[in-house]
Amino acid sequence: MTKQTALYDQHVEHNGKMVDFAGWMMPVNYGSQIAEHTAVRTRVGMFDVSHMTVIDVQGENALPFLQRVVANDCGKLVMWQTLYGALLNEQGGVIDDLTVYRLPEGYRCVVNAATRDKVLAWFDQQSLANMSFEEKDLGIIALQGPAALDTLQAHFPVTGIEGAKHFTAVRPQGERGNWLIGRTGYTGEDGVEIILPPEDAVQVWATFLAAGVQPVGLGARDTLRLEAGLNLYGQDLDEQTSPLASRIGWTVAWEPGERNFIGRDAIEAERGANTEKLTGLVMRDKGVLRHGQIVLTRDGEGIITSGTFSPTMGCSIALARVPRAAKGVCRVDIRGKHKEAKIVQPPFVRNGKILVDQAK
């Protein structure tokens, strides 16, 4: 049965085009994907990401458990700090990517909606004595854009959020003490992700709507994250590909050397010997780059993992897995025609600025 977030009625009331996404009815847009995208790049927009799975890990062995299942080093987290990492299988493939928060009561993991069942099963399989994990029924609203913090503070002031660095979190005092506000996001813009009870999410969403904040659907969420060079699980990351070949090798903590996280042996053997890389493409001909298209380089073939039209750049962009040595001009097979593109280093756009050379 398809699930609904607490904000479902709000989406429908404001003309959200609802689609089934990972078993949840979610808005793909509210009329204009370009307008939603532009609002986040230039002002502020908000996303309902309550479909994502929140798992609290607690107990004496919570940290040893996370040190075993997460390739990044959760042991370096200080209170209220957050990290991004990956859960690996024994072969070094990515089961899922996730964020982990260090909280006074333990750790909070946020994982993808589409991987919920397999992550919970994996946690159960790898669990230790003297620890517990529990899925939480919480809403998540991502407020993103250059005006995000000002918008938050104008309506729900939070002491300490202004000075909070990226990948940290703040818990408000008083009546909002069960909220968690992370300085995180999936757009390449400044902002926060607010984890809160579902009934509070309805109030917050309505308040921001009344203040003129643009609601943003899955369509613009995808163009924003791709411009920012951020991976999408199931396309740019999967269980057959290691983090070293997916532009998230930086999330693998090799030290301390005695930390034997799952998948370490497999990817350590691959370290420095990768034959492929995940990189960026910018279209130089007419046409739109899409997932699954073949990339032809001087060093061999590759494949596009994510592709779209970039509203900010006014051309098509993509992430593609290509031979490690590939660079410069390449060609993409689009319905049998070979279209010219250029290999570039992501991100394409960050904080509203185009970061790659679009010159032909």
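Listing for the model above:
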item	result
Test: Glu189 is part of a strand (DSSP E or B), buried (at least 19 other Cβ atoms within 10 Å of the Cβ) and in contact (Cβ under 8 Å) with a residue 24 or more places away in the chain	no
Selected residue (criterion: surrounded by the fewest Cβ atoms within 10 Å (Cβ to Cβ)) from residues of region 59-79 that are touching a strand residue (DSSP E or B) at 6+ places or on another chain (Cβ under 9 Å) and outside any loop (DSSP other than H, G, I, E, B)	Lys76
Residues satisfying the stated conditions in region 205-252, i.e. aliphatic (A, V, I, L, M), assigned to a helix (DSSP H, G or I) and within 22 Å of Ile317 (Cβ to Cβ)	Leu218, Ala220, Leu224, Leu226, Ala245
Scope region 234-246; condition crowded, with 19+ Cβ neighbours inside 10 Å and farther than 19 Å from Phe261 by Cβ; matching residues	Asp236
When residues of region 251-278 are limited to those that are among the β-branched types (Val, Ile, Thr) and closer than 30 Å to Lys327 by Cα, the one surrounded by the fewest Cβ atoms within 10 Å (Cβ to Cβ)	Thr275
Count - residues of region 107-159 that are farther than 18 Å from Ile181 by Cα and of a type in the set (A, V, I, L, M, F, W, C)	11
Checking Val40 against (1) among the β-branched types (Val, Ile, Thr); (2) part of a strand (DSSP E or B); (3) crowded, with 18+ Cβ neighbours inside 10 Å, the condition it does not meet	(2)
Failed criterion for Ser32 (all others in (1) in contact with a Gly (Cβ under 9 Å, 6 or more places away or on another chain); (2) surrounded by fewer than 18 Cβ atoms within 10 Å (Cβ to Cβ) hold)	(1)
Subset of region 316-332 (residues that are surrounded by fewer than 19 Cβ atoms within 10 Å (Cβ to Cβ), over 22 Å from Leu237 (Cα atoms) and not aliphatic (A, V, I, L, M))	Gly328, Arg331
Answer residue from region 193-204, given it is more than 13 Å from the chain's Cα centre (by Cα) and assigned to a strand (DSSP E or B) and is farthest from Thr42 (Cα to Cα) among those	Leu196
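Okay, residues lined up against (1) part of a strand (DSSP E or B); (2) among the charged types (D, E, K, R); (3) at pLDDT 95 or above:
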site: Met1; (1), (2), (3): no, no, no
site: Asp20; (1), (2), (3): yes, yes, yes
site: Ile34; (1), (2), (3): no, no, yes
site: Val57; (1), (2), (3): yes, no, yes
site: Leu87; (1), (2), (3): yes, no, yes
site: Glu90; (1), (2), (3): no, yes, yes
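One line per residue, one yes/no per condition, for (1) touching a Phe, Trp or Tyr at 6+ places or on another chain (Cβ under 6 Å); (2) over 30 Å from Asn15 (Cβ atoms); (3) not hydrophobic (A, V, I, L, M, F, W, C):
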| residue | (1), (2), (3) |
| --- | --- |
| Met131 | yes, yes, no |
| Leu138 | no, no, no |
| Ala147 | no, no, no |
| Glu175 | no, yes, yes |
| Arg183 | no, yes, yes |
| Ala201 | no, no, no |
| Ala210 | no, no, no |
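The values are calculated or read from the model by the stated rules, or taken from the named source; none is laboratory data. Note that the structure is a prediction, hence the values are computed from the model and not measured. Virtual Cβ from ideal backbone geometry, glycine too; neighbours counted across all protein chains shown.
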